[in-house]
Amino acid sequence: MGLVLNRSNLKGFIDPKDMENIVPLVQKAHKDLHNKTGKGSDYVGWVNLPSSIKPAFIDELEDLGKKVQENSDCVISIGIGGSYLGIRASIEFLRDAAKIPVYYVGQNICPDYLASILDQVKDKRVTVVVISKSGTTTEPAVAFRIVKKFMLEKYGNEQLKDRIICVTDEKKGALRKIADKSGYRAFVIPDDVGGRFSILTPVGLVPLAVAGVDVRKFVAGAQAGEKEYSVKDFEKNAAYQYAAARFILSQQGKVIEVLSSFYDNMAFVCEWWKQLFGESEGKDGKGIFPASMIFSTDLHSMGQLMQDGMRNIFETFVMIEKSKRSILIPEDAENLDDFNFVAGKELDFVNKKAYQATSAAHFEGGVPNMTITIDTADAYHLGLLYYFFEKAVGISGYLSGVNPFDQPGVEAYKKKMFTLLGRK
Ligand code: PA5
């Protein structure tokens, strides 16, 4: 089945004529993306990235993974933004796929957090993967200093070469300098792929392989996505339909998109998605605010607002057709809780009913919604889903007239922070 987009709950919110009228603009965006004639075209290397990944590179990653899993009990992954979110999203989504645990640092500057991670790994055998495209980002740079000192004390200088892996630019940046000078193994991030689109570059593939995730299947899923969502025909391209629908809704004042799911392991995929869409579209006074909810948990906290609050929201559900594990709800002879009416049913059945009820109720309450369903929560479908969203944001960014591939606004806080820190 792959990935299916259901748009039936847009009925009455999007006039079929508006959808028809937008098709030529989508075709123009498609052309600009594929021919590199649109804004930010220096950074569209992600479009054909999956098909450019060589089997030999996957072999190399698998060998590296085996070696690390033999000599380490855990991995510390250092990075922020695009050099963090996709990695964590994948590991958490795939739940038991990692063979050794991954700890994340450098995604904040919180001392208690870092200290607690170092406490947790102090008696473990550790491999560090440090990821920074620019090689100069403050948070991971400071974290790497601290972690490097910890590793040096634990292993001594010589052994560090076997225990520190860098993922960075081919030539530029401080991390490249450190890797070259110290002789650390280093993987290159292509120039034409920005941070938030980099999950299929070594940024994502190296830490995932090291942790033991099936990168071969992950890449195969993204390759299937590349093929499926390169089709120009609007009717056949679900990523383009999703991009068009969200653009039309935003033009009607639906300026918040909630990515909703009924699976706890989707939480960090939602965070990755927020960066992808927020950083790509939120500029020039434009942008749909990306929010996320994990149901049914959040139905008991944010459900009221979703059902009944200001009608400036639309919603996209991500559903998983088949759960990997099966749990039957038992019959209870006493039935004191009065729940025997679901006895004998799969827990997943109840979860799916909760979704059907929620999407219908939100639709009736004035929240247009779409549903993306993937077959199962495995590496293949994750690769497919990531590519679906990447292609969709490329198109929807062009529809709204922005450059979806830059992030000038991220610099503002950095400049002020450097001034406050006294950097020359
Ligand atoms: O999308 C982006 O470019 C950013 O979120 C970056 O990924 C983030 O700032 C980290 O940058 P770097 O990988 O250069 O350390």
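Could you give the distance between the Cα centres of the stretch 316-351 and the stretch 56-125, to the whole Å?
34 Å
Would you mind classifying the stretch 49-215 by shape? Square roots of the alpha carbon gyration tensor eigenvalues, ordered a ≥ b ≥ c; an a/c under 1.5 is rounded, otherwise it is prolate if a/b is larger than b/c and oblate if not.
Rounded.
Per the helix-only calculation at 222 nm, which mean residue ellipticity applies to the chain, given -39500 (n - 2.57) for every DSSP H run of n ≥ 4 and division by its residues, nearest 500 deg cm²/dmol?
-15500 deg cm²/dmol
List the pairs from Lys324/Lys345; Lys31/Lys391; Lys54/Lys391; Lys286/Lys414; Lys322/Lys353 whose alpha-carbon separation is above 18 Å, in the order I gave them.
Lys54/Lys391; Lys286/Lys414
All other residues with a Cβ under 10 Å from the Cβ of Glu271 taken together, and with Lys, Arg as +1 and Asp, Glu as -1, what is their net charge?
Taking every other residue near Glu271 into account, the sum is +1.
Taking Lys161 as the anchor, which aspartates and glutamates have their alpha carbon closer than 13 Å to its alpha carbon, excluding any fewer than eight residues away along the same chain?
Asp180
Which of the peptides 317-324, 201-208 is most tightly packed, and how do the rest follow, going by the mean number of other Cβ atoms within 10 Å of each residue?
201-208, 317-324
Suppose each label sits 7 Å from its Cα in the direction of the beta carbon; what would the Val342-Lys416 distance come out to in nanometres?
My value for the distance between the label points is 4.6 nm.
Assign one of three labels to the stretch 312-411, namely rounded, prolate or oblate, based on the Cα gyration tensor with a ≥ b ≥ c the square roots of its eigenvalues; rounded applies when a/c is under 1.5, prolate when it is not and a/b is larger than b/c, and oblate otherwise.
Prolate, because a/c is 1.5 or more and a/b exceeds b/c.
Given the peptides 182-188, 266-272, 127-133, 331-337, arrange them by the average over their residues of other C-beta atoms within 10 Å, most packed first.
Per-residue Cβ counts within 10 Å, averaged per peptide and sorted highest first, yield 127-133, 266-272, 182-188, 331-337.
When the dipole is taken about the Cα centre of the chain, and only Lys, Arg (+1) and Asp, Glu (-1) are charged at their Cβ, what size is it in debye, to the nearest 20?
Using only the charged Cβ atoms, the result is roughly 1840 debye.
Note down the nm distance, to one decimal, between modelled labels 7 Å out along Cα→Cβ at Thr37 and at Val255.
3.3 nm
Highest first, please rank the peptides 401-410, 341-350, 288-297, 161-170 by the mean number of other Cβ atoms sitting within 10 Å of their residues.
Ranking the peptides 401-410, 341-350, 288-297, 161-170 by packing returns 161-170, 288-297, 401-410, 341-350.
Could you work out the relative contact order of the stretch 192-295? I mean the mean sequence separation of Cα pairs under 8 Å and 6+ apart, divided by the number of residues, in percent.
24 percent
Taken together, the values in this text are just the output of simple stated rules run on the coordinates, not laboratory data. Everything numeric here is computed off the predicted structure, so don't read it as measured data. Virtual Cβ from ideal backbone geometry, glycine too; neighbours counted across all protein chains shown.
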